[in-house]
Each structure stands twice: as C-alpha cells, then as structure tokens.
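All of the numbers you see were taken from the coordinates with simple rules; none came from a lab. The structure presented is a predicted model; accordingly, all values stated were derived computationally and were not measured. Neighbour counts are summed over all protein chains in view; Cβ atoms, including those assigned to glycine, are modelled from backbone coordinates with ideal geometry.
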Amino acid sequence: MGYKAEFRVWRGDADSGSLQDFTVEVNEGEVVLDIIHRLQATQAPDLAVRWNCKAGKCGSCSAEINGMPRLLCMTRMSIFEENEVITVTPMRTFPVVRDLVTDVSFNYTKAREIPAFHPPAGVAPGEYRMQQVDVERSQEFRKCIECFLCQNTCHVVRDHEENKESFAGPRYLMRIAELEMHPLDAADRTRAAQSEHGLGYCNITKCCTEVCPEHIKITDNALIPMKERVADRKYDPVVWLGNKLFRRGR
Ligand code: SF4
Ligand code: F3S
Ligand code: FES
C-alpha cells in the first residue's frame with residue numbers, strides 16, 4: 001500500500017543552500033532513489049542527483065540519508081517509519097556542485113598518487129605466477145565500487161579540510177594494502193603508506209568499514225595489516241635487519 005512521506009532535501013550550490021520540504025508518494029518496494037526520481041518528475045524537475053545503475057554497482061548515488069552516508073539506490077524506504085521525516089543531503093566531505101551532486105575529484109587525485117603494480121625486474125608478464133591464496137586475499141578489496149562513502153565518512157578528512165592533502169583516505173590506503181599483499185609487487189608500499197599517504201592519521205575508528213556497501217572489512221583486513229607491517233619494519237630488529245640485507249627492489 002502506498003503512503004505519503006515527508007522528505008527534506010538539500011537544494012543549493014557551492015555558494016549557498018538550504019533544506020527544502022516535500023510531501024511525496026511512496027509505493028511498496030521502493031528505494032530512496034525512486035523517491036528522488038518522483039520528486040524530479042512531479043515537483044522539482046531541476047533537482048540534481050548523480051546515479052547510473054540503480055543496482056548498487058556503479059557507486060554514483062552516494063549521499064547522506066538522515067545523516068548516514070548511504071547509496072540512494074540501495075536504501076529501502078521500508079527501513080523508515082511511515083511518519084518519519086527523511087532528510088537527504090549531499091556527501092559532506094566533498095564540495096557541492098549542485099543539490100545532491102558533489103565534486104569527488106579529491107578521490108581521483110589520490111588514486112593518481114599511488115604508483116601502479118610494479119612487477120620485479122626480469123619477469124615478463126607471461127611468467128607471472130602466484131598462489132590461489134594470494135589471489136583470494138586481494139579479491140575482497142577489488143569488490144570496491146568507488147562510491148567514496150568511506151572517504152566521505154572518515155573523520156580525518158570529514159572534519160578537517162586541512163588533512164586532505166596528506167591523507168589518501170581508507171579507499172586508497174586499501175589500494176596500497178592490496179598492492180603490498182601482492183606477492184609479485186616489488187615497490188616499497190609500507191614506507192609510502194606511512195610517509196606519503198597518511199596511514200598514521202588513521203586511528204582505526206572503523207567508520208569507513210561500517211558504511212561500505214560492499215561490506216569490505218577495510219579496517220581489519222587492509223588498514224590494520226598495513227599498520228602492523230609498518231610497525232614490524234620500524235621496530236622489529238629481525239625485520240629491520242632483513243630489510244637492510246634483502247631490501248626489495250623499487
Ligand atoms: Fe565504497 Fe567500500 Fe569502495 Fe569505500 S571501499 S569506496 S565504501 S565500496
Ligand atoms: Fe578513518 Fe577508517 Fe581509519 S574511518 S580513521 S580510515 S579506520
Ligand atoms: Fe549505481 Fe546507486 S545508482 S550505485
């Protein structure tokens with residue numbers, strides 16, 4: 001059975017904006033993105049929202065619903081009470097372009113700063129071999145749909161614009177971890193993670209993991225192992241000596 005819901009949607013641009021109230025029809029089985037589309041169709045034709053797949057796979061429709069970072073297309077209306085006012089706002093960490101659309105280029109900048117897979121010298125592509133267990137370890141990280149909800153949520157940049165320059169954010173620290181765990185990658189990822197990409201800023205609050213729509217254990221499986229590798233390298237005398245003697249090529 002359908003009902004009428006109260007929505008408060010942030011409207012504005014980079015200079016100013018405010019929450020605008022709407023009463024809108026909701027039908028059984030709908031998600032928040034359906035309601036935003038109904039608003040566009042019936043009451044606010046110029047309401048800006050970014051989306052593509054409506055299936056939780058393109059990572060475009062990230063926003064905040066009642067203050068919680070979520071995908072608009074994967075948030076069912078049935079999780080809310082019928083008399084609840086539902087507030088939809090753009091991701092807070094990135095600059096607003098218009099309405100619910102933010103400029104996420106911070107993330108592309110961070111992605112470009114991470115050197116690509118670096119195979120060992122003298123091994124041709126057709127000669128790469130690795131164990132299934134190593135393949136599986138990085139498989140989890142490759143489920144990332146680049147929705148940037150984790151990047152938006154991490155307090156290191158959410159409340160501190162000044163940290164953006166020196167902190168890659170959970171998504172890209174996870175990318176570094178993926179490369180570090182790759183048995184054929186010969187680059188020095190632990191040193192770079194700590195000194196160039198701000199791994200030390202992460203104090204494992206796990207907020208990134210909580211909002212990940214792909215349920216990737218970002219903190220437990222990527223960030224904490226990276227921190228352990230950094231600590232091992234710095235403080236374990238055996239590892240320290242091993243690194244001195246058998247330093248991996250760059
Ligand atoms: Fe989104 Fe999860 Fe990827 Fe972060 S790790 S960008 S939350 S899919
Ligand atoms: Fe931020 Fe996730 Fe670390 S939320 S502080 S990157 S555990
Ligand atoms: Fe693609 Fe929501 S529209 S993830």
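Structure notes:
- Size of charge dipole - segment 76-120 - debye, nearest 20, with Cβ of Lys, Arg +1 and Asp, Glu -1, no other charges: 320 debye
- Counting only Cβ charges, +1 for Lys and Arg and -1 for Asp and Glu, the dipole size of segment 118-228 around its Cα centre is about 120 debye.
- Fewest-first ranking of Leu39, Leu100, using other Cβ atoms within 10 Å as the exposure measure: Leu39, Leu100
- Farthest toward positive dipole pole in segment 61-156 [+1 Lys/Arg, -1 Asp/Glu at C-beta], among Thr93, Phe80, Gly126: Gly126
- Calculated FRET efficiency for the pair Gln40/Glu127, C-beta based, R₀ 45 Å, to 0.05: 0.25
- Fewest-first ordering of Ser60, Ser166 by other beta carbons within 10 Å of each residue's beta carbon gives Ser166, Ser60.
- Counted by neighbouring Cβ atoms within 10 Å, the residues Met226, Met74 run from fewest to most as Met74, Met226.
- Taking each residue as 0.36 nm, the span from Ala116 to Glu28 lengthens on full extension beyond its C-alpha to C-alpha distance by 27.1 nm.
- Lys pairs, the chain - Cα-Cα below 21 angstrom, 8 or more residues apart or on other chains: 17
- Using the Cβ-Cβ distance between Ala14 and Tyr108 with R0 set to 22 Å, the FRET efficiency from 1/(1 + (r/R0)^6) comes to roughly 0.75.
- In Hz, Karplus ³J(HN,Hα) per residue of segment 102-118 (6.51, -1.76, 1.60; θ = phi - 60°; x = Gly, Pro): 10, 8, 9, 5, 3, 5, 5, 4, 5, 4, 5, 6, 9, x, 5, 3, 10
- For the chain, a crude dipole built from +1 on the beta carbon of Lys and Arg and -1 on the beta carbon of Asp and Glu, taken about the Cα centre, is about 1100 debye to the nearest 20.
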